[in-house]
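The values are calculated or read from the model by the stated rules, or taken from the named source; none is laboratory data. Quantities reported herein were computed from a predicted structural model and do not represent experimental measurements. Note that we place each Cβ from the backbone using ideal geometry, even for glycine, and neighbour counts take in every protein chain shown. To get the accessible areas, we keep the full protein, side chains included, count just its heavy atoms, and leave off ligands, DNA and RNA. Shrake-Rupley method; radii C 1.70, N 1.55, O 1.52, S 1.80 Å.
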Amino acid sequence: MKKKGKQLIALLLCGVLFVGCGKSKSSQGNATSAGSTLFQGELERNVTIRVLENDTAIERGYFKELINAFNEKYKEYGIVAVDANMDQYLDLANDGPYGYGPDVLYQANDVLMKYVKGKHILPLPVESLDCYDQVPEVAWKAYQTEVDGKVYTCGVPVIVQAPMLYYRKDMLPKDWDKTWDDNQNGIPDMLENWNAMYRYSKEIHEADSTKYGYMESLYDPYFSTGYLFSYGGYIFGQNNTDSKDIGLGAGDAYKGIKVLKQLAGIMNEECIDETIQRNVYGKLADGTYFATISTPDVYTTFLKELISNYEKDGLSKDEAKKKAEKNLMITSLPQLPVSGDITQESKEFMEMKAMGGINGYAISAYTSVPNACLAFVDFASSYDMLMKRNEFLGIAPARNDAATATGGLSAILYEKLATGNIVIMPSIQEVAQIWDPLNTFFSDLAKDAFRKEGDQKYTTKETYQKGLDTVSKQIFDAIFTLSTTQEAQNGEGKEDRK
(Lines give C-alpha, C1' and ligand atoms only; values in the text may rest on other atoms or scores of the structure.)
Protein backbone atom coordinates (compact mmCIF):
# COMPACT_ATOMS: atom_id res chain seq x y z
CA MET A 1 0.00 0.00 0.00
CA LYS A 2 1.26 3.50 -0.81
CA LYS A 3 2.29 5.78 2.01
CA LYS A 4 -0.56 8.28 1.56
CA GLY A 5 -3.15 5.51 1.66
CA LYS A 6 -1.58 4.09 4.79
CA GLN A 7 -1.61 7.48 6.47
CA LEU A 8 -5.27 8.02 5.59
CA ILE A 9 -6.24 4.71 7.15
CA ALA A 10 -4.19 5.58 10.23
CA LEU A 11 -6.01 8.87 10.62
CA LEU A 12 -9.40 7.24 10.22
CA LEU A 13 -8.56 4.55 12.74
CA CYS A 14 -7.17 6.97 15.27
CA GLY A 15 -10.28 9.08 14.84
CA VAL A 16 -12.52 6.24 16.02
CA LEU A 17 -10.11 4.82 18.57
CA PHE A 18 -11.67 4.71 22.04
CA VAL A 19 -15.07 5.66 20.57
CA GLY A 20 -17.55 2.80 20.91
CA CYS A 21 -14.63 0.51 21.72
CA GLY A 22 -13.55 -1.08 24.93
CA LYS A 23 -15.32 -2.43 27.96
CA SER A 24 -17.28 0.00 30.08
CA LYS A 25 -17.43 -0.54 33.83
CA SER A 26 -21.19 -0.18 33.51
CA SER A 27 -21.43 -2.69 30.67
CA GLN A 28 -19.50 -5.69 32.00
CA GLY A 29 -20.39 -8.72 29.91
CA ASN A 30 -21.72 -6.66 26.98
CA ALA A 31 -19.51 -7.97 24.20
CA THR A 32 -20.83 -5.44 21.70
CA SER A 33 -19.27 -2.65 23.75
CA ALA A 34 -15.80 -3.94 22.98
CA GLY A 35 -14.39 -2.88 19.65
CA SER A 36 -17.71 -2.74 17.78
CA THR A 37 -16.61 0.16 15.59
CA LEU A 38 -13.68 -1.64 13.95
CA PHE A 39 -14.10 -5.34 14.62
CA GLN A 40 -17.18 -6.56 12.77
CA GLY A 41 -16.06 -10.19 12.52
CA GLU A 42 -15.93 -10.22 8.71
CA LEU A 43 -12.43 -11.22 7.70
CA GLU A 44 -10.57 -9.24 5.08
CA ARG A 45 -9.61 -11.54 2.21
CA ASN A 46 -6.40 -11.96 0.26
CA VAL A 47 -4.33 -9.88 2.65
CA THR A 48 -0.93 -10.12 4.31
CA ILE A 49 -0.41 -9.56 8.04
CA ARG A 50 3.03 -8.41 9.12
CA VAL A 51 3.79 -9.80 12.57
CA LEU A 52 6.57 -8.57 14.83
CA GLU A 53 7.59 -11.42 17.14
CA ASN A 54 10.10 -11.99 19.91
CA ASP A 55 13.63 -12.62 18.60
CA THR A 56 14.05 -15.79 20.65
CA ALA A 57 10.79 -17.22 19.28
CA ILE A 58 12.09 -16.62 15.78
CA GLU A 59 15.54 -18.08 16.46
CA ARG A 60 14.16 -21.23 18.13
CA GLY A 61 11.72 -21.94 15.30
CA TYR A 62 8.48 -21.34 17.16
CA PHE A 63 7.41 -18.37 15.05
CA LYS A 64 7.74 -20.39 11.87
CA GLU A 65 5.49 -23.08 13.38
CA LEU A 66 2.97 -20.42 14.39
CA ILE A 67 2.63 -18.65 11.06
CA ASN A 68 2.65 -21.91 9.08
CA ALA A 69 -0.21 -23.26 11.20
CA PHE A 70 -2.15 -20.00 10.97
CA ASN A 71 -1.66 -19.69 7.22
CA GLU A 72 -2.88 -23.25 6.71
CA LYS A 73 -6.04 -22.60 8.74
CA TYR A 74 -6.86 -19.36 6.94
CA LYS A 75 -5.70 -20.18 3.42
CA GLU A 76 -9.27 -20.28 2.12
CA TYR A 77 -9.52 -16.58 2.98
CA GLY A 78 -6.21 -15.76 1.34
CA ILE A 79 -4.87 -14.43 4.66
CA VAL A 80 -1.10 -14.82 5.05
CA ALA A 81 0.92 -13.96 8.17
CA VAL A 82 4.59 -13.13 7.59
CA ASP A 83 7.56 -12.02 9.65
CA ALA A 84 7.55 -8.23 9.79
CA ASN A 85 11.35 -8.50 9.68
CA MET A 86 11.86 -5.54 12.00
CA ASP A 87 13.77 -4.87 15.21
CA GLN A 88 11.66 -6.22 18.07
CA TYR A 89 12.17 -2.89 19.86
CA LEU A 90 10.81 -0.77 17.03
CA ASP A 91 9.20 2.58 17.77
CA LEU A 92 5.62 2.25 16.57
CA ALA A 93 4.86 5.84 17.55
CA ASN A 94 7.29 7.20 14.97
CA ASP A 95 7.30 4.42 12.38
CA GLY A 96 3.62 3.45 12.35
CA PRO A 97 2.16 6.66 10.87
CA TYR A 98 4.45 6.31 7.84
CA GLY A 99 3.54 2.69 7.15
CA TYR A 100 6.75 1.19 8.50
CA GLY A 101 5.29 -0.55 11.52
CA PRO A 102 3.86 -4.10 11.76
CA ASP A 103 0.18 -4.99 11.87
CA VAL A 104 0.55 -7.18 14.96
CA LEU A 105 3.31 -6.83 17.54
CA TYR A 106 4.44 -8.96 20.48
CA GLN A 107 6.13 -7.42 23.52
CA ALA A 108 5.99 -6.93 27.29
CA ASN A 109 3.04 -5.02 28.71
CA ASP A 110 5.07 -1.92 29.60
CA VAL A 111 6.39 -1.63 26.04
CA LEU A 112 3.03 -2.15 24.35
CA MET A 113 1.02 0.04 26.70
CA LYS A 114 3.22 3.07 26.19
CA TYR A 115 1.56 3.30 22.78
CA VAL A 116 -1.89 3.85 24.28
CA LYS A 117 -1.44 7.55 24.99
CA GLY A 118 -0.70 8.35 21.37
CA LYS A 119 -3.47 6.01 20.15
CA HIS A 120 -0.97 3.83 18.29
CA ILE A 121 -2.58 0.50 19.23
CA LEU A 122 -6.22 -0.57 19.11
CA PRO A 123 -8.56 -1.45 21.98
CA LEU A 124 -9.69 -5.02 21.41
CA PRO A 125 -12.96 -6.98 21.79
CA VAL A 126 -11.24 -9.44 24.10
CA GLU A 127 -14.48 -11.05 25.29
CA SER A 128 -14.76 -12.67 21.87
CA LEU A 129 -11.38 -14.39 22.12
CA ASP A 130 -10.94 -18.04 22.98
CA CYS A 131 -8.48 -17.21 25.77
CA TYR A 132 -10.70 -14.66 27.54
CA ASP A 133 -12.02 -16.83 30.38
CA GLN A 134 -8.71 -18.67 30.80
CA VAL A 135 -6.54 -15.61 31.50
CA PRO A 136 -6.53 -14.31 35.10
CA GLU A 137 -7.79 -10.82 35.85
CA VAL A 138 -4.37 -9.59 36.99
CA ALA A 139 -2.96 -10.39 33.54
CA TRP A 140 -5.77 -8.58 31.73
CA LYS A 141 -5.26 -5.55 33.96
CA ALA A 142 -1.72 -5.21 32.62
CA TYR A 143 -3.30 -4.29 29.27
CA GLN A 144 -6.15 -2.10 30.47
CA THR A 145 -6.47 1.66 30.43
CA GLU A 146 -9.30 3.94 31.51
CA VAL A 147 -10.55 6.82 29.40
CA ASP A 148 -13.59 8.92 30.35
CA GLY A 149 -14.82 6.29 32.79
CA LYS A 150 -14.49 3.40 30.36
CA VAL A 151 -11.95 0.59 30.64
CA TYR A 152 -10.29 -0.48 27.40
CA THR A 153 -8.19 -3.60 26.88
CA CYS A 154 -5.41 -3.00 24.39
CA GLY A 155 -3.47 -6.27 24.43
CA VAL A 156 -3.84 -10.02 24.81
CA PRO A 157 -1.71 -11.78 27.48
CA VAL A 158 0.37 -14.72 26.23
CA ILE A 159 3.01 -15.52 28.85
CA VAL A 160 3.93 -14.59 32.41
CA GLN A 161 7.47 -13.31 32.83
CA ALA A 162 9.43 -13.01 36.07
CA PRO A 163 13.00 -13.63 37.19
CA MET A 164 13.76 -17.22 38.19
CA LEU A 165 16.86 -18.92 39.58
CA TYR A 166 18.85 -21.05 37.13
CA TYR A 167 21.48 -23.37 38.60
CA ARG A 168 23.64 -26.40 37.87
CA LYS A 169 22.44 -29.42 39.83
CA ASP A 170 25.75 -31.21 39.25
CA MET A 171 27.63 -28.34 40.92
CA LEU A 172 25.90 -28.87 44.27
CA PRO A 173 28.10 -30.40 46.98
CA LYS A 174 28.07 -34.21 46.80
CA ASP A 175 26.92 -34.40 50.41
CA TRP A 176 24.61 -31.38 50.35
CA ASP A 177 21.85 -33.39 52.04
CA LYS A 178 24.08 -33.64 55.12
CA THR A 179 25.99 -30.34 55.00
CA TRP A 180 23.60 -27.92 53.22
CA ASP A 181 20.11 -28.87 54.39
CA ASP A 182 19.68 -27.42 57.85
CA ASN A 183 15.92 -27.98 58.02
CA GLN A 184 16.17 -31.46 56.48
CA ASN A 185 13.42 -30.77 53.94
CA GLY A 186 15.26 -32.23 50.97
CA ILE A 187 16.05 -28.84 49.39
CA PRO A 188 19.61 -27.43 49.38
CA ASP A 189 19.87 -24.37 51.65
CA MET A 190 21.44 -22.19 48.91
CA LEU A 191 18.25 -22.57 46.88
CA GLU A 192 16.07 -21.60 49.84
CA ASN A 193 17.67 -18.39 51.12
CA TRP A 194 20.20 -15.78 50.00
CA ASN A 195 22.30 -16.14 53.15
CA ALA A 196 23.17 -19.72 52.25
CA MET A 197 23.69 -18.74 48.60
CA TYR A 198 26.13 -16.05 49.76
CA ARG A 199 28.09 -18.54 51.88
CA TYR A 200 28.19 -21.20 49.17
CA SER A 201 29.29 -18.68 46.53
CA LYS A 202 32.20 -17.63 48.75
CA GLU A 203 33.11 -21.28 49.26
CA ILE A 204 33.16 -21.96 45.50
CA HIS A 205 35.33 -18.95 44.72
CA GLU A 206 37.75 -19.60 47.57
CA ALA A 207 38.25 -23.17 46.33
CA ASP A 208 38.84 -22.02 42.72
CA SER A 209 39.38 -18.34 41.94
CA THR A 210 38.20 -18.83 38.33
CA LYS A 211 34.76 -19.98 39.46
CA TYR A 212 31.84 -18.17 41.04
CA GLY A 213 28.68 -19.19 42.80
CA TYR A 214 25.86 -16.74 42.11
CA MET A 215 26.35 -14.17 39.34
CA GLU A 216 23.89 -11.52 38.21
CA SER A 217 23.83 -8.27 36.27
CA LEU A 218 23.01 -5.90 39.12
CA TYR A 219 22.87 -3.14 36.51
CA ASP A 220 19.52 -4.41 35.21
CA PRO A 221 16.48 -2.91 37.02
CA TYR A 222 14.29 -5.79 35.87
CA PHE A 223 16.31 -8.10 38.11
CA SER A 224 17.40 -5.68 40.85
CA THR A 225 14.24 -3.78 41.76
CA GLY A 226 12.74 -6.92 43.30
CA TYR A 227 15.08 -6.54 46.26
CA LEU A 228 13.57 -3.09 46.89
CA PHE A 229 9.98 -4.29 46.45
CA SER A 230 10.57 -7.04 49.00
CA TYR A 231 11.27 -4.50 51.74
CA GLY A 232 8.49 -2.05 50.89
CA GLY A 233 9.69 -0.10 47.86
CA TYR A 234 7.57 0.46 44.77
CA ILE A 235 7.83 2.26 41.42
CA PHE A 236 4.60 4.27 41.21
CA GLY A 237 1.80 4.72 43.71
CA GLN A 238 -1.83 3.61 43.37
CA ASN A 239 -0.86 0.16 42.06
CA ASN A 240 1.70 1.61 39.65
CA THR A 241 -0.71 4.12 38.08
CA ASP A 242 0.33 7.36 39.86
CA SER A 243 3.63 8.50 38.36
CA LYS A 244 3.79 11.49 40.73
CA ASP A 245 4.32 9.10 43.62
CA ILE A 246 7.70 7.39 43.17
CA GLY A 247 8.38 5.07 46.07
CA LEU A 248 11.65 3.29 45.38
CA GLY A 249 12.86 4.33 48.82
CA ALA A 250 9.63 3.60 50.69
CA GLY A 251 9.42 1.31 53.71
CA ASP A 252 12.71 -0.45 54.42
CA ALA A 253 13.77 -0.55 50.76
CA TYR A 254 17.26 0.49 51.83
CA LYS A 255 17.73 -3.10 53.06
CA GLY A 256 17.37 -4.26 49.48
CA ILE A 257 20.23 -1.96 48.49
CA LYS A 258 22.34 -3.46 51.26
CA VAL A 259 21.64 -6.98 49.95
CA LEU A 260 22.56 -5.97 46.40
CA LYS A 261 25.89 -4.54 47.50
CA GLN A 262 26.63 -7.67 49.52
CA LEU A 263 25.86 -9.82 46.48
CA ALA A 264 28.23 -7.72 44.37
CA GLY A 265 30.94 -8.63 46.87
CA ILE A 266 30.83 -12.31 45.85
CA MET A 267 30.92 -11.51 42.13
CA ASN A 268 33.42 -9.95 39.76
CA GLU A 269 33.16 -6.59 38.02
CA GLU A 270 31.07 -8.03 35.21
CA CYS A 271 28.08 -7.48 37.50
CA ILE A 272 28.45 -3.71 37.03
CA ASP A 273 27.09 -3.61 33.50
CA GLU A 274 25.44 -5.89 30.92
CA THR A 275 28.47 -8.17 30.48
CA ILE A 276 26.93 -11.02 32.45
CA GLN A 277 23.75 -10.86 30.40
CA ARG A 278 25.77 -11.45 27.24
CA ASN A 279 27.94 -14.34 28.46
CA VAL A 280 25.84 -15.98 31.16
CA TYR A 281 24.64 -18.86 28.96
CA GLY A 282 28.14 -20.02 28.12
CA LYS A 283 29.54 -19.51 31.61
CA LEU A 284 26.78 -21.42 33.32
CA ALA A 285 27.33 -24.17 30.74
CA ASP A 286 31.10 -24.44 31.26
CA GLY A 287 30.79 -24.36 35.05
CA THR A 288 32.23 -20.88 35.63
CA TYR A 289 28.95 -19.94 37.34
CA PHE A 290 26.88 -22.12 39.65
CA ALA A 291 23.71 -20.03 39.48
CA THR A 292 22.20 -16.93 37.91
CA ILE A 293 18.89 -15.19 37.44
CA SER A 294 16.89 -14.90 34.22
CA THR A 295 13.41 -15.31 32.75
CA PRO A 296 11.68 -18.61 31.85
CA ASP A 297 11.60 -17.92 28.10
CA VAL A 298 15.39 -18.32 27.77
CA TYR A 299 15.47 -21.82 29.29
CA THR A 300 16.05 -23.35 25.86
CA THR A 301 19.00 -21.01 25.29
CA PHE A 302 20.65 -22.18 28.52
CA LEU A 303 19.88 -25.79 27.61
CA LYS A 304 21.36 -25.45 24.13
CA GLU A 305 24.62 -24.09 25.53
CA LEU A 306 24.90 -26.88 28.10
CA ILE A 307 24.20 -29.54 25.48
CA SER A 308 26.91 -28.03 23.27
CA ASN A 309 29.36 -28.04 26.18
CA TYR A 310 28.72 -31.72 26.89
CA GLU A 311 29.15 -32.57 23.21
CA LYS A 312 32.56 -30.88 23.29
CA ASP A 313 33.41 -33.23 26.16
CA GLY A 314 32.75 -36.19 23.87
CA LEU A 315 29.13 -37.12 24.55
CA SER A 316 26.78 -37.97 21.70
CA LYS A 317 23.95 -35.54 20.94
CA ASP A 318 21.36 -37.71 22.71
CA GLU A 319 23.63 -38.31 25.72
CA ALA A 320 24.43 -34.59 25.97
CA LYS A 321 20.74 -33.64 25.79
CA LYS A 322 19.78 -36.14 28.49
CA LYS A 323 22.58 -35.00 30.79
CA ALA A 324 21.82 -31.31 30.21
CA GLU A 325 18.13 -31.75 30.98
CA LYS A 326 19.10 -33.51 34.21
CA ASN A 327 21.56 -30.86 35.39
CA LEU A 328 20.02 -27.56 34.25
CA MET A 329 17.51 -26.55 36.90
CA ILE A 330 15.15 -23.60 37.19
CA THR A 331 13.28 -22.68 40.36
CA SER A 332 11.85 -19.76 42.32
CA LEU A 333 14.10 -17.13 43.88
CA PRO A 334 15.56 -17.76 47.36
CA GLN A 335 14.05 -16.06 50.40
CA LEU A 336 15.49 -12.88 51.87
CA PRO A 337 16.44 -12.32 55.50
CA VAL A 338 14.09 -9.98 57.34
CA SER A 339 17.19 -8.20 58.65
CA GLY A 340 18.45 -7.32 55.17
CA ASP A 341 21.89 -8.79 55.92
CA ILE A 342 22.86 -11.90 53.95
CA THR A 343 26.37 -12.08 55.41
CA GLN A 344 25.17 -13.15 58.85
CA GLU A 345 23.25 -16.16 60.13
CA SER A 346 19.51 -15.57 60.18
CA LYS A 347 16.46 -17.46 61.37
CA GLU A 348 13.82 -15.10 59.96
CA PHE A 349 13.22 -15.14 56.22
CA MET A 350 10.53 -13.80 53.88
CA GLU A 351 9.46 -14.42 50.31
CA MET A 352 11.26 -12.31 47.75
CA LYS A 353 9.22 -10.16 45.39
CA ALA A 354 10.30 -9.72 41.78
CA MET A 355 9.50 -7.40 38.92
CA GLY A 356 7.49 -9.27 36.34
CA GLY A 357 5.66 -8.67 33.11
CA ILE A 358 2.91 -10.04 30.94
CA ASN A 359 4.09 -10.51 27.37
CA GLY A 360 1.38 -10.44 24.76
CA TYR A 361 0.06 -9.24 21.42
CA ALA A 362 -1.30 -5.87 20.36
CA ILE A 363 -2.72 -4.67 17.05
CA SER A 364 -1.39 -1.53 15.42
CA ALA A 365 -3.81 1.34 14.89
CA TYR A 366 -2.25 1.72 11.46
CA THR A 367 -3.28 -1.67 10.11
CA SER A 368 -5.77 -1.83 7.26
CA VAL A 369 -6.86 -5.37 8.20
CA PRO A 370 -7.97 -5.31 11.86
CA ASN A 371 -10.25 -8.37 11.65
CA ALA A 372 -7.57 -10.56 10.10
CA CYS A 373 -5.15 -9.33 12.78
CA LEU A 374 -7.63 -10.22 15.52
CA ALA A 375 -7.98 -13.71 14.02
CA PHE A 376 -4.20 -14.08 14.20
CA VAL A 377 -4.06 -12.93 17.84
CA ASP A 378 -6.89 -15.31 18.72
CA PHE A 379 -5.03 -18.18 17.04
CA ALA A 380 -1.65 -17.29 18.59
CA SER A 381 -3.14 -17.15 22.11
CA SER A 382 -4.99 -20.48 21.75
CA TYR A 383 -4.32 -23.45 24.02
CA ASP A 384 -2.61 -25.46 21.29
CA MET A 385 -0.23 -22.67 20.29
CA LEU A 386 0.71 -21.84 23.88
CA MET A 387 1.48 -25.50 24.48
CA LYS A 388 3.62 -25.42 21.35
CA ARG A 389 5.28 -22.19 22.52
CA ASN A 390 6.09 -23.89 25.81
CA GLU A 391 7.56 -26.87 23.93
CA PHE A 392 9.90 -24.62 21.93
CA LEU A 393 10.72 -21.98 24.52
CA GLY A 394 9.92 -23.30 27.99
CA ILE A 395 7.63 -20.38 28.78
CA ALA A 396 4.91 -20.01 31.44
CA PRO A 397 1.55 -19.61 29.64
CA ALA A 398 -0.84 -16.88 30.73
CA ARG A 399 -3.76 -19.24 30.04
CA ASN A 400 -4.83 -21.22 33.09
CA ASP A 401 -5.57 -24.40 31.13
CA ALA A 402 -2.16 -24.37 29.45
CA ALA A 403 -0.39 -23.46 32.70
CA THR A 404 -2.11 -26.36 34.46
CA ALA A 405 -1.14 -28.75 31.70
CA THR A 406 2.52 -27.71 31.73
CA GLY A 407 2.71 -27.62 35.55
CA GLY A 408 6.02 -27.09 37.37
CA LEU A 409 7.40 -23.68 36.50
CA SER A 410 4.03 -22.33 35.38
CA ALA A 411 2.46 -23.36 38.68
CA ILE A 412 5.20 -21.55 40.60
CA LEU A 413 4.71 -18.34 38.63
CA TYR A 414 0.93 -18.46 38.92
CA GLU A 415 1.18 -18.83 42.68
CA LYS A 416 3.57 -15.89 42.96
CA LEU A 417 1.36 -13.79 40.70
CA ALA A 418 -1.68 -14.56 42.85
CA THR A 419 0.14 -13.78 46.13
CA GLY A 420 1.57 -10.49 44.86
CA ASN A 421 5.17 -11.67 44.88
CA ILE A 422 5.39 -10.89 41.18
CA VAL A 423 4.99 -7.14 40.76
CA ILE A 424 3.83 -6.43 37.21
CA MET A 425 5.67 -3.61 35.48
CA PRO A 426 3.62 -0.40 35.23
CA SER A 427 1.52 -0.15 32.08
CA ILE A 428 1.66 3.62 31.82
CA GLN A 429 3.81 5.61 29.43
CA GLU A 430 5.90 7.15 32.21
CA VAL A 431 7.56 3.80 32.93
CA ALA A 432 9.86 4.51 29.98
CA GLN A 433 11.62 7.09 32.16
CA ILE A 434 12.66 4.74 34.97
CA TRP A 435 15.22 2.58 33.17
CA ASP A 436 18.16 4.92 32.55
CA PRO A 437 18.28 6.45 36.07
CA LEU A 438 17.98 2.98 37.63
CA ASN A 439 20.64 1.54 35.30
CA THR A 440 23.03 4.28 36.42
CA PHE A 441 22.19 3.89 40.11
CA PHE A 442 22.48 0.09 40.23
CA SER A 443 25.72 0.24 38.24
CA ASP A 444 27.18 2.73 40.73
CA LEU A 445 26.02 0.57 43.62
CA ALA A 446 27.71 -2.51 42.14
CA LYS A 447 30.93 -0.53 41.60
CA ASP A 448 30.96 0.30 45.29
CA ALA A 449 31.88 -3.29 46.17
CA PHE A 450 35.10 -2.86 44.16
CA ARG A 451 36.10 0.58 45.45
CA LYS A 452 38.63 1.06 48.20
CA GLU A 453 37.05 1.12 51.62
CA GLY A 454 37.48 4.86 52.08
CA ASP A 455 36.04 5.64 48.65
CA GLN A 456 32.79 3.69 48.98
CA LYS A 457 29.56 5.68 48.70
CA TYR A 458 27.05 3.22 50.15
CA THR A 459 28.00 2.06 53.62
CA THR A 460 25.17 3.01 56.00
CA LYS A 461 21.40 3.11 56.14
CA GLU A 462 21.55 6.85 55.54
CA THR A 463 23.70 6.54 52.40
CA TYR A 464 21.53 3.70 51.06
CA GLN A 465 18.44 5.85 51.59
CA LYS A 466 20.06 8.90 50.03
CA GLY A 467 20.84 6.89 46.90
CA LEU A 468 17.23 5.75 46.61
CA ASP A 469 15.87 9.25 47.20
CA THR A 470 18.23 10.66 44.58
CA VAL A 471 17.26 8.16 41.88
CA SER A 472 13.57 8.67 42.69
CA LYS A 473 13.98 12.41 42.14
CA GLN A 474 15.85 11.81 38.88
CA ILE A 475 12.95 9.70 37.62
CA PHE A 476 10.43 12.34 38.72
CA ASP A 477 12.40 15.03 36.90
CA ALA A 478 12.66 12.89 33.79
CA ILE A 479 8.89 12.45 33.74
CA PHE A 480 7.71 15.92 34.66
CA THR A 481 10.53 18.22 33.59
CA LEU A 482 12.84 16.77 30.97
CA SER A 483 10.24 14.80 29.01
CA THR A 484 7.77 17.69 29.06
CA THR A 485 10.41 20.06 27.73
CA GLN A 486 11.45 17.65 24.99
CA GLU A 487 7.87 17.05 23.88
CA ALA A 488 7.24 20.77 23.73
CA GLN A 489 10.29 21.24 21.52
CA ASN A 490 10.10 18.16 19.32
CA GLY A 491 6.63 16.69 19.61
CA GLU A 492 6.24 13.08 20.67
CA GLY A 493 9.75 11.63 20.64
CA LYS A 494 11.19 8.17 20.37
CA GLU A 495 11.07 6.14 23.56
CA ASP A 496 13.30 3.15 24.07
CA ARG A 497 13.19 0.76 26.97
CA LYS A 498 16.77 0.03 27.94
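May I ask for the distance between the Cα centers of the range 64-87 and the range 268-295, given as a whole number of Å?
36 Å
Quick check on the range 256-370: take the gyration tensor over C-alpha atoms, sort the square-rooted eigenvalues as a ≥ b ≥ c, and tell me if it's rounded (a/c under 1.5), prolate or oblate.
Values: a/c = 2.01, a/b = 1.09, b/c = 1.84.
Oblate is the answer for the range 256-370, as a/c is 1.5 or above yet b/c matches or exceeds a/b.
Counting Lys and Arg as +1 and Asp and Glu as -1, what is the net charge of the other residues whose Cβ lies under 14 Å from the Cβ of residue 287?
Around residue 287, the surrounding residues sum to +1.
Can you compute the modelled spin-label distance between residue 137 and residue 350, with each label point 7 Å from Cα toward Cβ, in nm?
2.5 nm
Classify the range 297-359 from the C-alpha gyration tensor, please: rounded if a/c falls under 1.5, else prolate or oblate depending on whether a/b exceeds b/c.
Taking the square roots of the gyration eigenvalues as a ≥ b ≥ c, the range 297-359 is prolate.
Need one number: % antiparallel among DSSP beta bridges in the chain, to the nearest 5.
Taking every DSSP beta bridge with both residues in the chain, the antiparallel ones total about 70 percent.
Beyond a 28 Å Cα-Cα separation, which of these cross-linked pairs lie in this structure: 211/473; 258/322; 211/322; 119/388; 114/258; 141/353? Please report the intermediate quantities before stating the final value.
On the way: 211/473 39 Å; 258/322 40 Å; 211/322 25 Å; 119/388 32 Å; 114/258 32 Å; 141/353 19 Å.
Those over the limit are 211/473; 258/322; 119/388; 114/258.
Between beta-carbons, use under 10 Å as the cut-off and find the net charge around residue 395, counting Lys and Arg +1, Asp and Glu -1.
-1
Grab the Cα-Cα distance for residue 181 and residue 456, subtract it from 0.36 nm times how many residues apart they are, and report the gain in nm with one decimal.
Going from the current span to full extension adds 95.5 nm.
Say the dipole of the range 305-346 comes from +1 at the beta carbon of Lys and Arg and -1 at that of Asp and Glu; which of 342, 324, 314 then lies farthest toward its positive end?
Comparing the listed Cα positions along the dipole, 314 ranks first.
At a Cα cut-off below 17 Å, give the aspartates and glutamates reachable from residue 323, other chains included and same-chain residues fewer than 8 away excluded.
170, 286, 305, 311, 313
Based on the mean of other beta carbon atoms within 10 Å per residue, what is the order of 334-341, 119-126, 184-191, most packed first?
So the peptides 334-341, 119-126, 184-191, ranked by packing, come out 119-126, 334-341, 184-191.
Starting from 0 in steps of 5 Å, tell me what percent of the Cα-Cα pairs of the range 138-242 lands in each bin.
Here the calculated profile for the range 138-242 is 2, 9, 13, 16, 14, 12, 10, 8, 7, 5, 3, 1, 0.
Take residue 473, project a point 7 Å from its Cα along the Cβ direction, then tell me which residues of the range 432-452 have their backbone nitrogen under 16 Å from it.
Flagged as within label range: 437-438, 441.
Of the peptides 66-75, 232-241, how do they stack up when ordered by the mean number of other Cβ atoms within 10 Å, highest first?
The most tightly packed comes first, giving 232-241, 66-75.
Using the basic label-point model (7 angstrom from Cα toward the beta carbon), what is the residue 43 to residue 401 distance in nanometres?
Spacing of the two 7 Å Cα→Cβ label points: 2.0 nm.
Direction-averaged shadow area of the convex hull around the Cα atoms of the chain, nm²?
Reported value for the Cα convex hull: 25.0 nm².
Could you tell me the distance between the Cα centroids of the range 110-147 and the range 396-417, to the nearest Å?
If you average the Cα positions of each part, the centres end up 20 Å apart.
If you line up the long axis of helix 3-16 against the longest principal axis of the chain, both from Cα atoms, how many degrees apart are they, to the nearest 10?
Its long axis makes an angle of about 80 degrees.
Output the 0 to 90 degree angle, nearest 10, between the alpha-carbon long axis of helix 62-73 and the longest principal axis computed from the alpha carbons of the chain.
Between the helix axis and the principal axis of the chain, the angle is about 30 degrees.
Express the accessible area of the chain per residue in Å², computed with a 1.4 Å probe while the remaining protein chains stay in the model.
Result: 43 Å² of accessible area for each residue.
Does the range 73-158 classify as rounded, prolate or oblate by the C-alpha gyration tensor (a ≥ b ≥ c root eigenvalues; a/c under 1.5 gives rounded; else a/b over b/c gives prolate, otherwise oblate)?
Taking the square roots of the gyration eigenvalues as a ≥ b ≥ c, the range 73-158 is oblate.
Between helix 221-230 and the chain, what is the angle of the helix's C-alpha long axis to the longest principal axis, kept within 0 to 90° and rounded to the nearest 10?
Once rounded, the angle reads 70 degrees.
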